[in-house]
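Following: one structure in structure tokens, then a few remarks.
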Amino acid sequence: MSITALPSGQPVERLAAARQPHTLWQVWLRFRRNKLSMFALAFIILQLLVAIFAEQIAPYDPYKGDFSVTWQKPTREHLLGTDDLGRDVLSRLIYGSRISLSVGILSQLVIVMIGLPIGALAGLIGGRLDYVLMRVIDVFSSIPILLFYTLMLVALGSGFWNIIIAMALTGWIGIARLVRGQVLSLKETDYVRAARAMGGRTRHIVVTHLVRNSLTPVIVALALGVPGAMFAEAGLSFLGLGIASPQTSWGQMIGLYQGYIQTSWHLTVFPAVVLAVTLLAWFALGDGVRDALDPTLRL
Amino acid sequence: MARFIVSRLIGLVGVLLAVSLITFLLMHAVPGGPFDAQAMQRQQMIPEAIKQQLNAKFGLDKPIWQQYLVFLGNAVRMDFGYSFSNSTRTVIQIFQEQWPYTIQLGLLTLLFSLVVGLGLGIGAAIKQGSWLDYTGTFVSVFCLVMPSFVFAILLQFFFSVRLGWLPTGGWDSPKHWIMPVLANSLGPILILQRYTRSSMADVIRANYVRTARAKGMSERRVMLIHVFKNALTPVVTVGGPMIAGLITGSFFVESIFRIPGIGLYFVTAVQNRDYPLIMATTLVWTALISITYLLTDLVYALIDPRVTYVKAS
């Protein structure tokens, strides 16, 4: 459509430049039609703001106890109650969102930085490198993932960066496999052959054709990987292996106070609800991104 | 076919060796090892520590090698030694005594999620856009976003604490089974519902189904002979690994409902750094998962004549 709109005789580069924002705009238009995903996006932006401005928003210091108000049910002073040390649950939830969001987003960034080049190389070069990569994938895909995280965190010790390491060590494999498959099939397409026949250099072909065209499934995998990583962080912290005190995370709060559910339900139920709603929002966002980018990827 | 199975089994041995080595090294990287937890906390130490770990993987000093070989020798004879935290019992004894609980929970979960997942999936595909379809979507979205441990705690809160209908934990009577099975079946129901629905929806629109209808076959026969048989084939591929996941148990569900299964023991083993139990669990689980994958592939070849593992000459 855009081709006919352009006056004839324009150089090809101009044409390409005119089309680039156009497609992104189309993706946005398609995304915008999905009401649930738009709602999820708004929620996530709000949550990001809350996480960034936690110091200003949180009503109390999340690490400072107040022994005159321990084990309080929700009151006007402490909207979501207080814990065993008299710390404000709402403030702890707000600070916990920092952990959840940064584990989710950072882990995916690290994963793509490792997995994308390795997968692209394996698909491009093939041969022995590809063989080795496939065997590594065999090994990693037969270890139960949670078991591996648990072992990693026992070996490395708990902590924010160790969670990221554990996730990166296993997570890059999925992306590498995805990119490898994409590169293998894209390598045989007519436009790559044409580019090669026209004398395009390998570097150019890899960057413009292979990597750029395999980005869609990667972006979708990452968008759905964020809640997956949050899920794993919450689970590990729940088991007492993830985020260590005094730092706070939702999973950790659920794990620490699950034994007190009979008397102080607010200590576990509030973080549980926040976690579930956040996961819902991210999955809805990922769904919307996938449908907007390429509806055929849907299961 | 025999060659395919043999080559896969050889591959399994390789995978087990690799996994045992990784686990062994991870465990021996704890305290006294070259990377102490204190330094790891600092951000700038991490890349070097990983490098060191990888170095250790390839350039092992002798004592660790010998330890590993001894472990391998014993493991081949299914002897994993005594558990550190339960020093009166061998690891094998712990497995014998605790695993039945996990298997029972797993089978009950499988049964429940087969009924719910397949039912909702099939119903949603046959009557697309109906209330059944929306219920299916709602249930699968719920299963997707609700972590099992969160759901378990919410169940416990409402049914035990608030209403007092069900006991908070234990495994003595069917009353104790309800909440663990519900919490455990989130993942399986999600997978079964989604796969069944999408695969049924594809098959219903297939040409051979239209042909069968055009021939004047009764709707019942069309559904039973053409639709179900073909639609459930892809479900088998996800079903195999799912069963493996179920009988290896869930740390979360077992620890929240205090079910003395192997998952609960694994969590305590990790917290107590009980190396023999950790090693054994990792290896047994890995073997189990790999064997299920192999069996799944074989079953797939059996039910779908188009699949063959013999290379065309």
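The values are calculated or read from the model by the stated rules, or taken from the named source; none is laboratory data. Keep in mind the model is a prediction, meaning the values are calculated, not measured. Using ideal geometry, Cβ is built from the backbone for each residue, glycine included, and neighbour counts are taken over all protein chains shown.
Considering only residues of the range B:16-26 that are facing chain A (nearest Cβ under 9 Å) and touching a Lys or Arg at 6+ places or on another chain (Cβ under 9 Å), which is nearest to B:Gly73 (Cα to Cα)?
Residue satisfying both the conditions and the ranking: B:Ala18.
Among the residues that make up the range A:279-296, is at least one of them within 19 Å of the chain's Cα centre (by Cα), among the acidic types (Asp, Glu) and in a loop (DSSP other than H, G, I, E, B)? Within the range A:279-296, one or more residues are within 19 Å of the chain's Cα centre (by Cα), among the acidic types (Asp, Glu) and in a loop (DSSP other than H, G, I, E, B). Can you say whether B:Phe266 is buried (at least 22 other Cβ atoms within 10 Å of the Cβ), free of Cβ contacts under 8 Å to residues at least 40 places away in the same chain, within 14 Å of another protein chain (Cβ to nearest Cβ) and part of a helix (DSSP H, G or I), as far as the supplied structure shows? Considered against the rule, which asks whether it is buried (at least 22 other Cβ atoms within 10 Å of the Cβ), free of Cβ contacts under 8 Å to residues at least 40 places away in the same chain, within 14 Å of another protein chain (Cβ to nearest Cβ) and part of a helix (DSSP H, G or I), B:Phe266 comes out as yes. Can you say whether B:Met217 is over 26 Å from B:Val141 (Cβ atoms), of a type in the set (A, V, I, L, M) and assigned to a loop (DSSP other than H, G, I, E, B), as far as the supplied structure shows? The answer is yes for B:Met217. Just to be sure, is A:Leu116 modelled with pLDDT of 85 or more, buried (at least 19 other Cβ atoms within 10 Å of the Cβ) and either of a type in the set (A, V, I, L, M) or part of a helix (DSSP H, G or I) (or both)? So A:Leu116 passes the test.
The combined condition, being within 12 Å of chain A (Cβ to nearest Cβ) and either surrounded by 20 or more Cβ atoms within 10 Å (Cβ to Cβ) or assigned to a helix (DSSP H, G or I) (or both), is fulfilled by B:Leu190. Looking at the range A:150-163, can you tell me whether even one residue there is away from chain B (no Cβ under 11 Å), aliphatic (A, V, I, L, M) and in a helix (DSSP H, G or I)? Looking for residues that are away from chain B (no Cβ under 11 Å), aliphatic (A, V, I, L, M) and in a helix (DSSP H, G or I), one finds at least one in the range A:150-163, hence yes. Only one of the numbered conditions (1) farther than 19 Å from B:Ile247 by Cβ; (2) crowded, with 22+ Cβ neighbours inside 10 Å; (3) modelled with pLDDT under 85 is not met by B:Gln156, and that is (3). Can you tell me which residue in the range B:245-262 is modelled with the highest pLDDT, limited to those that are assigned to a loop (DSSP other than H, G, I, E, B) and of a type in the set (Val, Ile, Thr)? By that ranking, first place goes to B:Ile259. Restricted to the range A:240-253, and to residues there that are surrounded by fewer than 18 Cβ atoms within 10 Å (Cβ to Cβ) and more than 12 Å from every other protein chain (Cβ to nearest Cβ), the residue that is modelled with the highest pLDDT is A:Pro246. The range B:20-105 holds helices (runs of 4 or more DSSP H) entirely within its bounds, and those carrying 2 or more residues that are at pLDDT 65 or above and over 30 Å from B:Arg258 (Cα atoms) map to B:62-76.
Across the range A:86-100, a minimum of one residue is classified as closer than 22 Å to A:Thr170 by Cα, at pLDDT 85 or above and in contact with a helix residue (DSSP H, G or I) (Cβ under 6 Å, 6 or more places away or on another chain).
Condition first: among the small types (Gly, Ala, Ser), within 29 Å of B:Tyr293 (Cβ to Cβ) and surrounded by 15 or more Cβ atoms within 10 Å (Cβ to Cβ). Now tell me which residues in the range B:203-248 satisfy that. Scanning the range B:203-248 gives B:Ala231, B:Gly239, B:Gly240, B:Ala244, B:Gly245. Taking B:Leu114, is it crowded, with 20+ Cβ neighbours inside 10 Å and either under 30 Å from B:His226 (Cβ atoms) or within 20 Å of the chain's Cα centre (by Cα) (or both)? It is false that B:Leu114 is crowded, with 20+ Cβ neighbours inside 10 Å and either under 30 Å from B:His226 (Cβ atoms) or within 20 Å of the chain's Cα centre (by Cα) (or both). For the range A:250-278, a residue qualifies if it is outside any helix (DSSP H, G or I) and touching a residue at least 40 places away in the same chain (Cβ under 8 Å), and the qualifying residues are A:Thr263, A:Ser264.
If B:Gly123 satisfies every condition in (1) part of a helix (DSSP H, G or I); (2) away from chain A (no Cβ under 14 Å); (3) touching a residue at least 40 places away in the same chain (Cβ under 8 Å) but one, which is the exception? Against the list (1) part of a helix (DSSP H, G or I); (2) away from chain A (no Cβ under 14 Å); (3) touching a residue at least 40 places away in the same chain (Cβ under 8 Å), B:Gly123 comes up short only on (3).
State yes or no: is A:Ala229 assigned to a helix (DSSP H, G or I) and within 14 Å of chain B (Cβ to nearest Cβ)? Yes, satisfied. Applying a threshold of 7 Å to beta carbon distances and a minimum spacing of six or more residues, or different chains, the list of pairs starting in the range B:160-176 at a residue that is within 12 Å of chain A (Cβ to nearest Cβ) and ending at one that is of a type in the set (Lys, Arg) and outside any helix (DSSP H, G or I) reads B:Gly169/B:Arg258.
How about the range B:126-170: which of its residues are part of a loop (DSSP other than H, G, I, E, B) and under 21 Å from the mean Cα position of the chain (by Cα)? If the condition is that a residue be part of a loop (DSSP other than H, G, I, E, B) and under 21 Å from the mean Cα position of the chain (by Cα), then B:Met146, B:Pro147 are the ones that fit. For the range B:267-283, the condition of being under 26 Å from B:Leu192 (Cα atoms) and aliphatic (A, V, I, L, M) holds for none of the residues. Restricted to the range A:65-103, and to residues that are assigned to a loop (DSSP other than H, G, I, E, B) and among the hydrophobic types (A, V, I, L, M, F, W, C), which residue is surrounded by the most Cβ atoms within 10 Å (Cβ to Cβ)? Looking at residues that are assigned to a loop (DSSP other than H, G, I, E, B) and among the hydrophobic types (A, V, I, L, M, F, W, C), I get A:Leu80.
Among the candidates A:Ser158, A:Ser142, A:Ser237, the residue that is under 30 Å from A:Ala276 (Cα atoms), at pLDDT 85 or above, surrounded by 19 or more Cβ atoms within 10 Å (Cβ to Cβ) and among the hydroxyl-bearing types (Ser, Thr, Tyr) is uniquely A:Ser237.
Among the listed residues B:Phe257, B:Phe251, identify the single one that is in contact with a His (Cβ under 9 Å, 6 or more places away or on another chain) and buried (at least 22 other Cβ atoms within 10 Å of the Cβ).
Details: B:Phe251 fails: in contact with a His (Cβ under 9 Å, 6 or more places away or on another chain).
None of the others qualify; the one that does is B:Phe257.
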